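Chemist: My questions all concern the structure below.
The values are calculated or read from the model by the stated rules, or taken from the named source; none is laboratory data. In this text, all values refer to a predicted model and were calculated from it rather than measured experimentally. When we count neighbours, we look across all protein chains shown, and the Cβ atoms used for this are built from the backbone with ideal geometry, even at glycine.
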Amino acid sequence: MISFTLSEQQQQIKEMTHWFAKHEMRPISMVADKIGNVPEEWLDKVNQMGIHLNTSSFSNDKNDSANKRGRKEQEGNRMGVIATEEIAWGDPAIALSLPGAGLGGPPIQSSGTKEQKERFLTIFKKDKARWGAYALTEPEAGSDASAIQMTAKKVSGGYILNGQKIFITNGSRASWVVVFATADATLGRAGQRAFVVEKGTPGFSSTRLVEKMGLRANETAELLFEDCFVPIENLLGGEQLYKRSRSDQSGFEMAMKTFDSTRPIVAAMAIGIARAAFEYTLDVVQRDFPTSGKFYYLATEMLAEIDGNIAAARLLTWEAAWKADLGLANAKEAAMCKAYAGQMALDVCAKCLELLGPTGLEGHIVEKLYRDVKVFDIFEGTNEIQHLVIARRQYEPYGIRV
Amino acid sequence: MISFESTEDENAFVSIAQKIASENIRPYARESENKGMIRNDMIKVVNELGFLKLEEPESYGGLQLPLISQVQIQAALSYGDLGIVQGLPGLADGASLLRSMEPKQMNKDQQKLVCEGESTIAFIDDINDKAMGKRLSLTKSGTNYTLHGTSQPTRLGQMANHLILAVLDEEGCPVICWMDKKHHHLKVNKGDYRFGLLAASIAKISFDNEIISQDQVIATGEKADQLIRRTHTRIQIIQAAKQVGLMQAALDYATEYTAMRKAFDQVIAKFQGVSFQIARMVIETRIANHLVWEAATVADKNTEEAEGPALRAIQRAHQGVRYVTNSAVQLLGGHGYVKDYPVEKWMRDAQAQVMLYGREKNYLIRRGKQTLATKEKAVIT
């Protein structure tokens, strides 16, 4: 039955994460932006509270009978987007800095061996804050993920990695990083592999933390791999995975599949940011604006547009998450919500700044949110790439590959 | 629990509606437009399946379906042709008024007229667009009212045998009343419509100091205000759903065309200028659909609470239907502009529909006022 009412559990998650965002994140938001990081003691505290950034709750077996009728329906993805919207409302840079597997979680969850899941996904404990990371982008390969130049040369007992990765969220502090490399260039995409490279592995280093327009409190690293030996146990999914079905289990496919679960999460973050800007601005308009005349009508129209656009983005995101929970193909919906929410959130923040006028330049969170939100239209696949994915799915019935 | 899955019943209804749309509606779209009317055999088929009575209360012989079911069916039918769907006889928007009424708000004579089964109602709404000035004047004279003036162009105005009017009286007090055309000397101005929805039987109705007796009055004052608000909400959701159907039709047609049409030695779908436009149309259509679904589910629980979501849904559908149909014409190029292809008609129909069912800016301002008036954050679910 079509429904947009949150279940009791979803409502609880929403309220709990909103409380956390309001009382723990928002108070340090502007300070973290200024100092360019999230204080360690704060991260330790929230880690002890058991709060993590988890983006890997999607159903990984499309034939899993749990996804069919008769057994309890999985709702991890819906829970994920609901909770993520709230913490991004609190502060997106801090949200991305929360301990946990982050964007590295989904590929391990979906393609890792049982042993790898045990090794890498169970380290996120309360004793110490730990992070995972996901490294795909290179200086010469961003949107075209099939063109990555990092090499993985097979040697006795493992692979030797050489190359560079950029724009890696939490890449320097991460305990491990899921890294994509080309093992056999002659096979094209099928020749790509994914590895889990652990911190401290000889030949693996973080060379720089980049400074950015926004999300300043969140660490964005450049990683270097110089003759970095990675044991065969760290080949994601193991050799068997690639031998079993070479065509659809390349590292490239794994990277793409990851996006199906992470893009709704990124969209949910954008929605949280937009909502934060909207609610802040609404308060200002209600308090300071005239209740009639030109500015009043300007505000009503803009606020209504914002309200509608946020609702639209949320519904697209929920749909993508719902399909993932049911184990249905959701690449198109994931791209749709990401494409729309990223652009929408930037537009919302711009409209809010317009309503605030010159006073919005300083001391208001909206200018920070505007700086933060731009990248949500870029990372996890640019807006243009999302359009490409949508168009490809749209033309699939006609046998056309756009 | 958040879910986008239709029920089995809804799927069955939609499946039949899709069949009707493809076999009985789409092939006759041009003919209906050219003649300005709909074939009787088509009306018969649609009526027999109950599609003319989706919104009517069971007590009036209707199906009284929840809005969430109705919107899926209306979208599926409108996929065939919005112009035809808007010209189908029946209680149409008037059914939403009946659905919004308190029990016994309509007297027995009025109920009997509706239950005759042959009624077609034109809903003349002089309140929704009041910012632009009243077209009709309603003056109280003793226990009766006197109605004077000419209505806006109204859907089903030509063929209707009954009218429901929502009008403000001379003191600005809303009045909802009922008229049986045969008991009044009304002038139906068929006009010279060339723009869109040409099979929708659009006409202006002129009233020359017509007397409206007390037993024709359904509600006045606060009751009328509440009733008209609930009615507007339901109408907005249903009309937005029809627009979604039209958007989907234009999107699918443009997708297929661009997948077949070749230029510069390849199908034009391979050009990003084309495929990205299609992607944007996909997003807009899905958004319009989901906002309609959301508003419908809220309205099925409580119509008053659905006022905001309904405004959101109709505003976005107004925006989307023009964008998508215009884009479809653009993607077909010169072919899109000529009547050999349906998209030029869809573009005209879309714009006509928007003009009949309220201004997008007006909806935005109303929604914005609601947002500003409440301390509750409007977008927190």
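Chemist: Given (1) surrounded by fewer than 20 Cβ atoms within 10 Å (Cβ to Cβ); (2) within 14 Å of another protein chain (Cβ to nearest Cβ), where does A:Thr281 come up short, assuming only one miss?
Modeler: (1)
Chemist: Name the helices (runs of 4 or more DSSP H) wholly inside the range A:292-395 in which the number of residues that are closer than 25 Å to A:Gly76 by Cα and of a type in the set (Asp, Glu) is 1 or more.
Modeler: Qualifying helices (runs of 4 or more DSSP H): A:294-325, A:331-356.
Chemist: Still on this structure, I have one more. Given the range B:297-381, what helices (runs of 4 or more DSSP H) lie entirely inside it while holding 3 or more residues that are at the interface with chain A (Cβ under 8 Å from one of its Cβ atoms) and on the phi < 0 side of the Ramachandran plot?
Modeler: Details: elements: B:307-332, B:334-337, B:343-356, B:360-373.
Per the criteria, B:307-332, B:360-373.
Conditions (1) surrounded by fewer than 24 Cβ atoms within 10 Å (Cβ to Cβ); (2) under 28 Å from A:Trp318 (Cβ atoms), marked per residue:
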residue: B:Ala241; (1), (2): no, yes
residue: B:Leu246; (1), (2): no, yes
residue: B:Ala250; (1), (2): no, yes
residue: B:Glu256; (1), (2): yes, no
residue: B:Met260; (1), (2): yes, no
residue: B:Ala263; (1), (2): yes, no
residue: B:Ala269; (1), (2): no, no
residue: B:Gln272; (1), (2): yes, no
residue: B:Arg280; (1), (2): yes, yes
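Chemist: Let me ask something additional. Restricting to the range A:149-177, what's the tally of residues that are under 22 Å from A:Glu219 (Cβ atoms) and of a type in the set (A, V, I, L, M)?
Modeler: So the answer is 6.
Chemist: Report, by residue number, each residue of the range B:189-222 that is surrounded by 17 or more Cβ atoms within 10 Å (Cβ to Cβ) and of a type in the set (A, V, I, L, M).
Modeler: The answer is B:Leu197, B:Leu198, B:Ala199, B:Ala200, B:Ile202, B:Ala203, B:Ile205, B:Ile212, B:Val217, B:Ile218, B:Ala219.
Chemist: Also, I was wondering about something else. B:Val338 is checked against (1) modelled with pLDDT under 95; (2) over 30 Å from B:Gln370 (Cα atoms) and fails just one. What number does that condition carry?
Modeler: Here B:Val338 clears every test but (1).
Chemist: Another question about this same structure. Select from the range A:96-110 the residues that are surrounded by fewer than 24 Cβ atoms within 10 Å (Cβ to Cβ) and of a type in the set (Gly, Ala, Ser) and list them in ascending order.
Modeler: A:Gly100, A:Ser110
Chemist: Could you please give the count of residues in the range A:300-320 that are more than 7 Å from every other protein chain (Cβ to nearest Cβ) and crowded, with 24+ Cβ neighbours inside 10 Å?
Modeler: Residues that pass the stated criteria total 6.
Chemist: May I pose another question? Here is a check on your reading of the model: is B:Ala250 in a helix (DSSP H, G or I), at the interface with chain A (Cβ under 8 Å from one of its Cβ atoms), more than 16 Å from the chain's Cα centre (by Cα) and not aromatic (Phe, Trp, Tyr)?
Modeler: no
Chemist: Among (1) over 29 Å from B:Leu227 (Cα atoms); (2) charged (D, E, K, R); (3) more than 18 Å from the chain's Cα centre (by Cα), there is one condition B:Glu10 misses while meeting the rest; what is its number?
Modeler: Answer for B:Glu10: the failing condition is (1).
Chemist: Here is a list: A:Ile108, A:Ile82. Which entry is touching a Leu at 6+ places or on another chain (Cβ under 8 Å) and at pLDDT below 95?
Modeler: Numbers: A:Ile82 fails: at pLDDT below 95.
Residue meeting the stated conditions: A:Ile108.
Chemist: From the residues in the range B:118-142 that are at pLDDT below 85 and under 20 Å from B:Asn362 (Cα atoms), which one is surrounded by the fewest Cβ atoms within 10 Å (Cβ to Cβ)?
Modeler: Taking the range B:118-142 first, the residues at pLDDT below 85 are B:118, B:128-134.
Next, only the ones that are under 20 Å from B:Asn362 (Cα atoms) stay: B:128-134.
Numbers: B:Asn128: 20, B:Asp129: 14, B:Lys130: 16, B:Ala131: 9, B:Met132: 10, B:Gly133: 7, B:Lys134: 15.
Per the stated criteria, the residue is B:Gly133.
Chemist: A:Gln343 - would you say it is surrounded by fewer than 23 Cβ atoms within 10 Å (Cβ to Cβ), within 13 Å of another protein chain (Cβ to nearest Cβ) and within 17 Å of the chain's Cα centre (by Cα)?
Modeler: Yes, satisfied.
Chemist: When you scan the range A:254-278, how many residues do you find that are buried (at least 23 other Cβ atoms within 10 Å of the Cβ) and of a type in the set (Lys, Arg)?
Modeler: Of all residues in the range A:254-278, those buried (at least 23 other Cβ atoms within 10 Å of the Cβ) come to A:254, A:258-278.
If we keep only those that are of a type in the set (Lys, Arg) too, we end up with A:263, A:275.
Number of matching residues: 2.
Chemist: Quick one: A:Ser146 ticks every box in (1) assigned to a strand (DSSP E or B); (2) at pLDDT below 95 except a single one, so which number is it?
Modeler: Every condition holds for A:Ser146 apart from (1).
Chemist: In the range B:253-270, how many are facing another protein chain (nearest Cβ under 9 Å) and among the aliphatic types (A, V, I, L, M)?
Modeler: Residues in the range B:253-270 being facing another protein chain (nearest Cβ under 9 Å) and among the aliphatic types (A, V, I, L, M): 4 in total.
Chemist: Out of the range A:3-51, which residues are away from chain B (no Cβ under 14 Å) and assigned to a loop (DSSP other than H, G, I, E, B)?
Modeler: Across the range A:3-51, the qualifying residues are A:Gly36, A:Asn37, A:Val38, A:Pro39, A:Met49, A:Gly50, A:Ile51.
Chemist: Of everything in the range B:191-219, what is more than 14 Å from B:Gly157 (Cβ to Cβ), of a type outside the set (S, T, N, Q) and part of a strand (DSSP E or B)? Give them in sequence order.
Modeler: Matches in the range B:191-219: B:Asp208, B:Glu210, B:Ile211, B:Ile212, B:Val217, B:Ile218, B:Ala219.
Chemist: Follow-up. Being over 30 Å from A:Arg401 (Cβ atoms), of a type in the set (A, V, I, L, M) and within 7 Å of chain A (Cβ to nearest Cβ) is the filter here; which residues of the range B:271-296 pass it?
Modeler: Matches in the range B:271-296: B:Leu291 only.
Chemist: Do the conditions hold for A:Leu136, that is, is it touching a strand residue (DSSP E or B) at 6+ places or on another chain (Cβ under 6 Å), of a type in the set (A, V, I, L, M, F, W, C) and either at pLDDT below 95 or not assigned by TED's automatic domain parsing to the domain that holds A:Ala221 (or both)?
Modeler: Yes: the conditions hold for A:Leu136.
Chemist: For the range B:135-190, name all the residues that are assigned to a loop (DSSP other than H, G, I, E, B), within 26 Å of the chain's Cα centre (by Cα), of a type outside the set (Gly, Ala, Ser) and closer than 26 Å to B:Gly36 by Cα.
Modeler: Answer for the range B:135-190, where residues must be assigned to a loop (DSSP other than H, G, I, E, B), within 26 Å of the chain's Cα centre (by Cα), of a type outside the set (Gly, Ala, Ser) and closer than 26 Å to B:Gly36 by Cα: B:Arg135, B:Gln152, B:Pro153, B:Arg155, B:Leu156, B:Gln158, B:Met159, B:Asn161, B:Leu186, B:Lys190.
Quick grid of which residues meet (1) within 10 Å of chain B (Cβ to nearest Cβ); (2) among the β-branched types (Val, Ile, Thr); (3) buried (at least 24 other Cβ atoms within 10 Å of the Cβ); (4) touching a residue at least 12 places away in the same chain (Cβ under 8 Å):
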| residue | (1), (2), (3), (4) |
| --- | --- |
| A:Ala350 | no, no, no, yes |
| A:Glu354 | no, no, no, yes |
| A:Ile385 | no, yes, no, yes |
| A:Arg392 | yes, no, no, no |
| A:Pro397 | yes, no, no, no |
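Chemist: Additional query: Could you count how many residues in the range A:329-338 are at the interface with another protein chain (Cβ under 10 Å from one of its Cβ atoms) and out of contact with any Leu (no Cβ under 6 Å at 6 or more places or on another chain)?
Modeler: Result for the range A:329-338: 3.
Chemist: Mind checking which pairs have a first residue in the range B:1-23 that is more than 8 Å from chain A (Cβ to nearest Cβ) and a second that is buried (at least 19 other Cβ atoms within 10 Å of the Cβ) and of a type in the set (Val, Ile, Thr), Cβ under 7 Å, 6 or more apart or different chains?
Modeler: Hits for this filter: B:Phe13/B:Ile73; B:Val14/B:Ile73; B:Ala17/B:Ile73; B:Ile20/B:Val46.
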